[in-house]
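Here the structure is laid out as C-alpha cells; the discussion comes afterwards.
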Amino acid sequence: MKKTPPHLGKLRKQLERTARLLAACVFLALAWPALAQGQGAEITQAQLERTEEGLFLSAAVRFDLPAVIEDALLKGIPMFFVAEAVLYRDRWYWYDRELSHVQRHMRLSYQPLTRRWRLTIAPTVIGNSGVALGQSFDSEEEALAAVQRVSRWKIADAADISPHERYNVDFRFRLDVSQLPRPFQIGAVGQADWNISVFRNQRVPADITR
C-alpha cells in the first residue's frame, strides 16, 4: 500500500480546515440576523434630519420587558440601556470612513419607597465624569416610553458632512448587561430574555432643510 506523500497530506489537511472555516462562516451569515436582533425588539421609526446645524436622529424602539428583567427592577436593580449612532462617509474604493460616533447611556431604576421610576441619561457611562440628566415618572409605562424614544438627537456637526458626499448611519439600541451586578451578568449569558438589541443602517438624506 502506497503512503501519501507528506506534501499531499499537508495540503489535504489545509483544505479540510478551509472547508470547516467556510462552513462556519456560512452558518454565522445565516444565523446573524437572529443573533444580532433581540427577540421581540424592533425599530418602529428612524428618521435622519440634515440641517445647517448638523445631523439629527429621531427614533423609536419597541419591546416589552421580560418578566425576569421587570422583577429585577422592582427589587431595586437598575437596568442600563445604550443608544449608539455612527456616521460613515461612503468610499467606493475602501471601507466607509467613520466620521462621528456618539452614545446615549440610560439608567432605568425603580424606587420602592416612593414607588416612582427614575431615568438618568448621559453621553458616557453613567457614574463617570460628565453631565447626566434625570427625570422621574409615576409609572413603568411612562418611564419605558422615555427609554424607547429618541427625539432630535444631534449625532454630527454640520462641519462633518458635505453636500457633495454620500453618508450612512448605523443606529444600535441594546440592554447593556455588562453594567449589571456580577451575578446578573453570569445569569444573563445565553438567556434570550436578556437579549434586547436592535440595529438599523440608514442613508443620510442629500438635501439640507432650511
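The values are calculated or read from the model by the stated rules, or taken from the named source; none is laboratory data. Being a predicted model, the structure only gives us computed values, none of them experimental. Neighbour counts run over all protein chains shown; Cβ positions are idealised from the backbone, glycine included.
Annotations for the structure displayed:
- First in segment 42-57 and within 9 Å of residue 154 (Cα to Cα), second anywhere and loosely packed, with under 13 Cβ neighbours inside 10 Å and of a type in the set (Lys, Arg), Cβ under 6 Å, 6 or more apart: 56/152
- Residues that are under 30 Å from residue 136 (Cα atoms) and modelled with pLDDT of 55 or more are absent from segment 8-26.
- Filtered by the rule that a residue be farther than 19 Å from residue 177 by Cα, charged (D, E, K, R) and surrounded by 15 or more Cβ atoms within 10 Å (Cβ to Cβ), segment 117-141 gives a lone residue, 140.
- Per-region count, segment 74-91, residues farther than 30 Å from residue 161 by Cβ and either crowded, with 19+ Cβ neighbours inside 10 Å or among the β-branched types (Val, Ile, Thr) (or both): 3
- All positions within segment 47-62 that are modelled with pLDDT under 95 and either crowded, with 18+ Cβ neighbours inside 10 Å or among the hydrophobic types (A, V, I, L, M, F, W, C) (or both): 50
- The single condition among (1) at pLDDT 85 or above; (2) more than 23 Å from residue 43 (Cα to Cα); (3) in contact with a strand residue (DSSP E or B) (Cβ under 9 Å, 6 or more places away or on another chain) that residue 155 does not meet is (2).
- Test: residue in segment 196-210 that is modelled with pLDDT under 90, of a type in the set (S, T, N, Q), exposed (fewer than 11 other Cβ atoms within 10 Å of the Cβ) and closer than 27 Å to residue 45 by Cα: yes
- You will find that of 119, 87, the residue that is modelled with pLDDT of 95 or more, within 19 Å of residue 69 (Cα to Cα) and in contact with a Leu (Cβ under 8 Å, 6 or more places away or on another chain) is 119 and no other.
- Test result for residue 156, among the aliphatic types (A, V, I, L, M), out of contact with any helix residue (DSSP H, G or I) (no Cβ under 7 Å at 6 or more places or on another chain), within 28 Å of residue 50 (Cα to Cα) and not in a strand (DSSP E or B): no
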